[in-house]
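A.B. asks: Structure below; questions to follow.
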Amino acid sequence: MIESQPRRRFLQGLAAAGALAALPLPLRKLSAAAPRVLRPQPAEAQLVGPAYPKTAVWAYDGLVPGPTLRLRQGERLAVRLDNGLPQETTLHWHGLRLPNAMDGVPGVTQEAVAPGQGFDYAFAAPDAGTFWYHSHAASAEQGARGLAGPLIVEEAEPAALAPLQIDREEVWLLADWRLDEQAQLVEPMTTMMDLSHAGRIGNTVTLNGFIPEAWPVRAGERVRLRLINAANARFFALRFEAHEPWVVAVDGQPCTPFRARVGGVGLPPAGRVDLLVDLPGRPGSRFTVTDDAYAGSAYKLLEIAYAEESPLRPAPPPDPAGLPANPLPEPDLDAARTLEIALEGGAMGGLAEARLHGRTMGLRDLARQGKVWALNGVVAGDHQHPLLAALKLGESVRLVMENRTAFPHPMHLHGHHFKLLARDGVPETRGIWHDTVTVRADSRVEVAFVADNPGDWAFHCHIPEHMMAGMTSLFRVE
Ligand code: C2O
Ligand code: CU
């Protein structure tokens, strides 16, 4: 019951919060006058079913995942962060091209918010699409404890969606947890192994805060699925047995629809994919959704469970046209300046030395300080984002990322989306925009963007364990 449970829990959460009970449900138009309060706090969540105790987590408004924030493209969102955690935090609005001061990066765009303190965020959403919010302070621990929530920006003109014949939509926020036999989070939250290898990958996958069993559907319908990977370090690759979903947006940005066939639907940490799933199965039939992102570790995520009801329509709707495009600036590839970025370090990466706080150090000395990853030979210190490059406002930039490590890295740029140009020299012809792109081990990825948003923008690996162990930086746009 993917749909109904989060709603019920949301209602319970509101009742407990008392003062919030007067908010309209579902939360739609957020008025500029009254900010919505969002409170990260310790909470308990029944992640793994009634046979196990509840898990002690950290959660926005006590909910796993955090409440879905929804607004319409062009509208303003006003949120007051009210820190109920025992440590500093911030809110980052992942994928939104917003003013720099609202970006939520401690030490770069604001001071971290102390326990008991607050911060007011307010910005307009220029792009419609599927986004999410999370903390950017101690994000390895705060992410692994459960702090994440969906942020959905609806298209400015809902009428423009009519030709797509979407019957309904669902948000699937995927997360993973490293739990012990009592269903409690395994401590410590970050080990040297996590820092130097693949990050904190969990042993329990949840969908909207539960271990999913079945996805109830009706024959003949077309559902828009908004997939969000909120896991720290786990990649997903979903295969829909006997179904061929249409990919209609990646990282919030519409693309020319194509069918996800070979390779399934891939989601790096922080990645989003919007699918249109046509459901041509017979009433009463069942199919599997499998995640086989890791060789030899495929598992069944859930079953597609068709109701006995007669089909909603006799045949699938026509192939969908695209979602309305967002106002993204097109990079000028002829004039673009090229920046090469070397991703180095980690276990089995062969990094000999790199610079930390201006000093060249060997890997062993770096590792002693918990630092093992470098971007262009520079390791970020704690709470530090070394300047990678200063960009002129409006200039087109081609980034060539070369991964010389033994692990894949989902590289994320704040405040901008970039267009994927090529992988390992092979042009990508779909022209897909990303805010987070996977650079596989021993591979090269080329992207381009227009530096049109002034400010200091974090550029980092979105596996927070890699980020805290040195793999972060920033671009200055001025
Ligand atoms: Cu999802 Cu730097 O963030
Ligand atoms: Cu990484």
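A.B. asks: Taking segment 393-443 as the region of interest, how many residues are touching a residue at least 60 places away in the same chain (Cβ under 8 Å), open to solvent by 40 Å² or more (accessible area, probe 1.4 Å) and in contact with a Lys or Arg (Cβ under 9 Å, 6 or more places away or on another chain)?
C.D. replies: Of the residues in that region, 3 qualify.
A.B. asks: Please name all residue pairs, on different chains or six or more residues apart, with Cβ atoms under 6 Å, provided the first residue is in segment 142-159 and is on the phi > 0 side of the Ramachandran plot and the second residue is open to solvent by less than 10 Å² (accessible area, probe 1.4 Å) and of a type in the set (D, E).
C.D. replies: Between residues of segment 142-159 that are on the phi > 0 side of the Ramachandran plot and residues that are open to solvent by less than 10 Å² (accessible area, probe 1.4 Å) and of a type in the set (D, E), there is no close pair.
A.B. asks: Can you tell me which residues in segment 185-204 are of a type in the set (A, V, I, L, M) and either at pLDDT below 95 or surrounded by fewer than 18 Cβ atoms within 10 Å (Cβ to Cβ) (or both)?
C.D. replies: Residues of segment 185-204 of a type in the set (A, V, I, L, M): 185-186, 189, 192-193, 195, 198, 201.
Within segment 185-204, V186, M192, M193 qualify.
A.B. asks: Show the residue pairs meeting these rules: Cβ distance below 7 Å; 6+ apart or different chains; first residue within segment 183-196 and outside the structural domain of M348 (by TED's automatic domain parsing) and more than 22 Å from D365 (Cβ to Cβ); second residue in a loop (DSSP other than H, G, I, E, B) and of a type outside the set (D, E, K, R).
C.D. replies: A183/L47; A183/V48; A183/Y52; A183/P53
A.B. asks: Looking at segment 151-169 only, could you name the residues that are surrounded by fewer than 23 Cβ atoms within 10 Å (Cβ to Cβ) and assigned to a strand (DSSP E or B)? Explain how you work it out, then say what you get.
C.D. replies: Looking only at segment 151-169, we keep the residues that are surrounded by fewer than 23 Cβ atoms within 10 Å (Cβ to Cβ), and these are 152, 154-169.
Correct list: I152, E154, R168, E169.
A.B. asks: Does segment 444-478 hold any residues that are part of a loop (DSSP other than H, G, I, E, B), open to solvent by 10 Å² or more (accessible area, probe 1.4 Å) and within 16 Å of ligand 2 (Cβ to nearest atom), and which are they?
C.D. replies: H462
A.B. asks: Can we say N376 is crowded, with 16+ Cβ neighbours inside 10 Å, more than 14 Å from ligand 1 (Cβ to nearest atom) and at positive phi?
C.D. replies: yes
A.B. asks: Select, from L399, L388, L393, L420, the only residue that is away from ligand 2 (no atom under 16 Å from the Cβ), in a strand (DSSP E or B) and at pLDDT 95 or above. Let's see the steps before the verdict.
C.D. replies: Numbers: L399 fails: away from ligand 2 (no atom under 16 Å from the Cβ); L388 fails: away from ligand 2 (no atom under 16 Å from the Cβ); L393 fails: in a strand (DSSP E or B).
Result of the check over L399, L388, L393, L420: L420.
A.B. asks: Is it the case that some residue within segment 256-273 is surrounded by 20 or more Cβ atoms within 10 Å (Cβ to Cβ), in contact with a strand residue (DSSP E or B) (Cβ under 7 Å, 6 or more places away or on another chain) and more than 19 Å from V437 (Cα to Cα)?
C.D. replies: There is no residue in segment 256-273 that is surrounded by 20 or more Cβ atoms within 10 Å (Cβ to Cβ), in contact with a strand residue (DSSP E or B) (Cβ under 7 Å, 6 or more places away or on another chain) and more than 19 Å from V437 (Cα to Cα).
A.B. asks: Provide a single number: the residues in segment 343-360 that are more than 13 Å from ligand 2 (Cβ to nearest atom) and part of a strand (DSSP E or B). Write out each step before concluding.
C.D. replies: Within segment 343-360, the first condition is being more than 13 Å from ligand 2 (Cβ to nearest atom), and the residues that meet it are 348, 350-360.
Filter again for part of a strand (DSSP E or B), leaving 353-356, 359-360.
Of the residues in that region, 6 qualify.
A.B. asks: Might you let me know whether segment 428-447 holds any residue that is aliphatic (A, V, I, L, M), more than 15 Å from ligand 1 (Cβ to nearest atom) and within 17 Å of the chain's Cα centre (by Cα)? It would help to see each step written out before you state the result.
C.D. replies: In the first step, residues of segment 428-447 are kept if they are aliphatic (A, V, I, L, M); the result is 432, 437, 439, 441, 445, 447.
Subsequent filtering for residues that are more than 15 Å from ligand 1 (Cβ to nearest atom) retains 432, 439, 441, 445, 447.
Applying the additional criterion that residues be within 17 Å of the chain's Cα centre (by Cα) yields 432, 439.
Scanning segment 428-447 turns up at least one residue that is aliphatic (A, V, I, L, M), more than 15 Å from ligand 1 (Cβ to nearest atom) and within 17 Å of the chain's Cα centre (by Cα).
A.B. asks: Just to verify a result, which residue in segment 206-220, among those that are among the aliphatic types (A, V, I, L, M) and open to solvent by 20 Å² or more (accessible area, probe 1.4 Å), is farthest from ligand 2 (Cβ to nearest atom)?
C.D. replies: By that ranking, first place goes to A214.
The values are calculated or read from the model by the stated rules, or taken from the named source; none is laboratory data. Fair warning: this is a prediction, and the values are worked out from it, not measured in the lab. As a convention, Cβ positions derive from the backbone with ideal geometry for all residues, glycine included, and neighbour counts pool all protein chains shown. Just the protein is used for accessible areas: all its heavy atoms, side chains included, with ligands, DNA and RNA removed. Shrake-Rupley method; radii C 1.70, N 1.55, O 1.52, S 1.80 Å.
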